[in-house]
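Structure first, commentary second.
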Amino acid sequence: MSSFLLQRILQGIVIMAVMSVIVFAGVYAIGNPLEVLIPPEATQDVRARTIARFGLDKSLVEQYFLFISNLFQGDLGQSYIYNEPVLQLIGNRLPATLELVLTAVLGATFIGVPLGIYAGYKPDSVTARTIMAVSILGFSVPTFWVGLILILTFAVSLGWLPSGGRGDTAELFGIDWSIFTLDGWSHLILPATNLALFKLAIMIRLARAGTREVMLSDAVKFARAAGLSETTILSRHVLKLISIPIVTVFGLELASTLAFAVVTETIFSWPGVGKLIIDSIKNLDRPVMVAYLILTAGLFVTINLCVDIGYAVLDPRLRRGRAE
Amino acid sequence: MTAAGKPISEAPILEVRDLATHFFTRAGVVKAVDGVSFSLNRGEIIGLVGESGSGKSVTGFSLIGLVDPPGRIVGGSVKLEGQELVGLNDAGLRKVRGARIAMVFQDPMVTLNPVLTIGQQMHLALAAHESISKRAARARSAEALTRVGIPDAPARLDAYPHQFSGGMRQRVAIAIALLHGTKAIIADEPTTALDVSIQAQILSEMRELAREMGTALVWISHDLSTVSTLASRILVMYAGRIVEEGPTAQVLRSPRHPYTAGLLRSLPAMAKPGTDLEQIPGTTPSLLDLPEGCPFRPRCDRASELCAKDPPMTRADDRGYRCHHTLEEMVSA
Ligand SMILES: Nc1ncnc2c1ncn2[C@@H]1O[C@H](COP(=O)(O)OP(=O)(O)OP(=O)(O)O)[C@@H](O)[C@H]1O
Ligand SMILES: [Mg+2]
């Protein structure tokens, strides 16, 4: 087990190193930020000093190693545009994205999995058919459109909920969170619903397919022959048997939504990292782009590692596979 | 030749009358079990034999009310210690299953849940019928595992099914079936998936356990020789019906139904050395469109016009058979 963990962590480090090179070279190739940084009317002298200040006179390789050595000192550079340390810039916005995405993905899982299990357990019931209709809807309707409809319905027509922003926040560990205030929740609920809908559909499908298959298995029949109640069979036998694909998709969805919640954040003017990255691309704000992409890669690596550990916890057969 | 069972005067633990289970498929009605009757005395072992598809498993599942749709019990009666099980609601059946009648399945590789430890699965089976603490459940489970011959049982409770061999897994399943001191167990070919030496071990252990605990067994098998070492009575099933029944020794010595005789001739142990094994010609008929009259007629060398009419069950001196042309005279002559 621990050797497996070590191996996966090493793998993660290699991936991160490769990613940093690709990201750095890629962002370098996108374009020269000089046009953005230096006003056209600047003198030759100002121009030269600016270039030197941002280290843009050095070669790509030199710039890369400078970046890496700063990285190890916890310095991801300064934003060209905001003139703030990148880490602080991202750190100020990450909690907003984090709480939005976690609410959406956790909500989709905790609502979708029971619904899917029910739909798989009683596939011919009216309720099951309704659940499946909802999931088809969740799959086929585009996110931005749902977002607009949500705003039109609940914010504009009914006036029940605000249409954008984070609302009141409360502080924990020196970070502002919306999920700790009622007003924060009223702001969070619409964008979270918007993000959750597609994931809800996936979770329903996964849980339903798994349940249908498992219910026909001899293991379930044997549990019934031993007199177990249907509730116990579903909660103890079935849930655990279907959990592996669910954990996989949970991890993937969590990572990709954290990285790409841009559309929803834009529609609901949610001040998360999505908006920051779009702005930084528009402005060729290299340090922000590089830091954001590397952080995202780190996020994927970490989440995948957690998913792998989750597998081993859930499926004893995988544990053996490694021990031997 | 086997555990003789308790006095016959005692009421049977399981009494099955005219049990019929049909599958309502798109292609038509499959009469998988069609009028099966037998009774099982306390501590008795009876063998239910027949070819693949003859309805043995469906019979077993019908007894504990676990027939999968599109199947359903359409008639007859199953009485467990006098209590009628046919038509009993789900809650009632659940109380009975595992506690008063249990079942062991054919393939031990798939009957246990791969992601729960043996201890967890046994705890669930115990908790299904009594409120029991975790500690007490472990003690009871370890004891049950020891009884079926699993060494180092307390430590094995934390193992997962994949850490056991097939034979050991089947022992675990048997231990689960025995957890509540069940007096009747349906064993659906529990040794078929195992290799021969393990088969023999489990067979003799089962016999011992049944004798010690006074458990009655319905031992299902397609293999007449397995059943003959174990059961005091044999039921021969063909196309959803019992076509012959009687005490094992008598049925083996003088089968009365041509199908039973055919099964006996196809056993390696019964053949003369150096000769080919005899096969019953033809195959099990589709239960969807059974021929009129005796279902064995198309494969029977003794069939006559008489066989176009369904032969009734004839019972005489503890034996029964469904045949117009019984073999009795020929064999004893
Ligand atoms: N779910 C089902 N749907 C339709 N028909 C079924 C179903 N289950 C069983 N049957 C039918 O019932 C008949 C008896 O099946 P059963 O499993 O009892 O046979 P068996 O005697 O146990 O055979 P085997 O030795 O192969 O286990 C089969 O012919 C099969 O076609
Ligand atoms: Mg069978």
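The values are calculated or read from the model by the stated rules, or taken from the named source; none is laboratory data. All figures in this text were calculated on a predicted structure; none of them were measured in a lab. Every residue, glycine as well, gets a Cβ built from its backbone with ideal geometry; the counts of neighbours run over all protein chains shown. The area values use the complete protein model at the heavy-atom level, side chains included, leaving out ligands, DNA and RNA. Shrake-Rupley method; radii C 1.70, N 1.55, O 1.52, S 1.80 Å.
Among the conditions (1) away from every other protein chain (no Cβ under 14 Å); (2) touching a Pro at 6+ places or on another chain (Cβ under 7 Å); (3) open to solvent by 40 Å² or more (accessible area, probe 1.4 Å), A:SER186 misses just one, which is (3).
Any residue in region B:154-161 that is of a type outside the set (Lys, Arg), touching a residue at least 40 places away in the same chain (Cβ under 8 Å) and within 16 Å of ligand 1 (Cβ to nearest atom)?
To start, the set of residues in region B:154-161 that are of a type outside the set (Lys, Arg) comprises B:154-155, B:157-161.
Of the ones still in play, those that are also touching a residue at least 40 places away in the same chain (Cβ under 8 Å) are B:157-161.
Add one more test, that the residue is within 16 Å of ligand 1 (Cβ to nearest atom), and what stays is none.
Looking through region B:154-161, none of the residues is of a type outside the set (Lys, Arg), touching a residue at least 40 places away in the same chain (Cβ under 8 Å) and within 16 Å of ligand 1 (Cβ to nearest atom).
So, B:ILE132, is that one more than 20 Å from B:VAL58 (Cα to Cα), more than 16 Å from ligand 1 (Cβ to nearest atom), out of contact with any Cys (no Cβ under 7 Å at 6 or more places or on another chain) and not basic (Lys, Arg) or not?
Numbers: more than 20 Å from B:VAL58 (Cα to Cα): yes; more than 16 Å from ligand 1 (Cβ to nearest atom): yes; out of contact with any Cys (no Cβ under 7 Å at 6 or more places or on another chain): yes; not basic (Lys, Arg): yes.
Answer is yes for this residue.
A single member of A:GLY120, A:GLY112, A:GLY91 is touching a Lys or Arg at 6+ places or on another chain (Cβ under 6 Å) and either at negative phi or modelled with pLDDT of 90 or more (or both), and it is A:GLY120.
I'd like the residue in region B:49-90 that is basic (Lys, Arg) and within 13 Å of ligand 1 (Cβ to nearest atom) and, out of all such residues, is surrounded by the most Cβ atoms within 10 Å (Cβ to Cβ). Within region B:49-90, the match that is surrounded by the most Cβ atoms within 10 Å (Cβ to Cβ) is B:LYS56.
Of all residues in region B:311-333, those satisfying the criterion of being surrounded by 14 or more Cβ atoms within 10 Å (Cβ to Cβ), in a loop (DSSP other than H, G, I, E, B) and at pLDDT below 85 are B:HIS325, B:THR326, B:LEU327. For region A:251-275, the set of residues classified as surrounded by 18 or more Cβ atoms within 10 Å (Cβ to Cβ) and within 17 Å of A:ALA297 (Cα to Cα) consists of A:GLY251, A:GLU253, A:LEU254, A:ALA255, A:THR257, A:LEU258, A:ALA259, A:ALA261, A:VAL273, A:GLY274, listed by residue number. For region B:275-289, give me the residue count where each residue is away from ligand 2 (no atom under 16 Å from the Cβ) and either surrounded by 12 or more Cβ atoms within 10 Å (Cβ to Cβ) or modelled with pLDDT of 80 or more (or both). Total satisfying the criteria: 5. Scanning region B:174-189 for residues that are within 16 Å of ligand 2 (Cβ to nearest atom) and within 9 Å of another protein chain (Cβ to nearest Cβ) turns up just one, B:ILE186.
Screening the candidates A:LEU150, A:LEU195, A:LEU161 for the property of being at pLDDT 90 or above and of a type in the set (A, V, I, L, M) yields one hit, A:LEU195. Scanning region B:99-127 for residues that are open to solvent by 10 Å² or more (accessible area, probe 1.4 Å), within 16 Å of ligand 1 (Cβ to nearest atom) and not charged (D, E, K, R) gives B:GLN106, B:MET109, B:VAL110. Return a yes/no flag: does region B:227-234 have any residue that is of a type in the set (Lys, Arg), buried (at least 21 other Cβ atoms within 10 Å of the Cβ) and out of contact with any Asp or Glu (no Cβ under 6 Å at 6 or more places or on another chain). Taking every residue of region B:227-234 in turn, at least one turns out to be of a type in the set (Lys, Arg), buried (at least 21 other Cβ atoms within 10 Å of the Cβ) and out of contact with any Asp or Glu (no Cβ under 6 Å at 6 or more places or on another chain).
What do you reckon, is B:THR260 outside any strand (DSSP E or B) and over 30 Å from B:HIS123 (Cβ atoms)? So B:THR260 fits the description; yes. Can you pull out every residue in region B:220-238 that is within 16 Å of ligand 2 (Cβ to nearest atom), at pLDDT below 90 and either aliphatic (A, V, I, L, M) or assigned to a loop (DSSP other than H, G, I, E, B) (or both)? Answer for region B:220-238, where residues must be within 16 Å of ligand 2 (Cβ to nearest atom), at pLDDT below 90 and either aliphatic (A, V, I, L, M) or assigned to a loop (DSSP other than H, G, I, E, B) (or both): B:HIS222, B:ASP223, B:LEU224, B:VAL227.
Of all residues being farther than 22 Å from B:LEU252 by Cα and surrounded by fewer than 23 Cβ atoms within 10 Å (Cβ to Cβ) in region B:31-42, which is farthest from ligand 1 (Cβ to nearest atom)? Just the residue, please.
Our first condition is that a residue be farther than 22 Å from B:LEU252 by Cα; within region B:31-42, this holds for B:31-35, B:42.
Those left that are additionally surrounded by fewer than 23 Cβ atoms within 10 Å (Cβ to Cβ): B:31, B:34-35, B:42.
Values: B:LYS31: 8, B:ASP34: 10, B:GLY35: 14, B:ARG42: 26 Å.
Taking the candidates together, the pick is B:ARG42.
Determine whether A:ALA219 is within 30 Å of A:SER125 (Cα to Cα) and of a type in the set (A, V, I, L, M, F, W, C). Considered against the rule, which asks whether it is within 30 Å of A:SER125 (Cα to Cα) and of a type in the set (A, V, I, L, M, F, W, C), A:ALA219 comes out as yes. May I ask you to list the residues in region A:213-243 that are more than 7 Å from chain B (Cβ to nearest Cβ), buried (at least 17 other Cβ atoms within 10 Å of the Cβ) and not small (Gly, Ala, Ser)? Scanning region A:213-243 gives A:VAL214, A:MET215, A:VAL220, A:ILE233, A:LEU234, A:VAL238, A:LEU239, A:ILE242.
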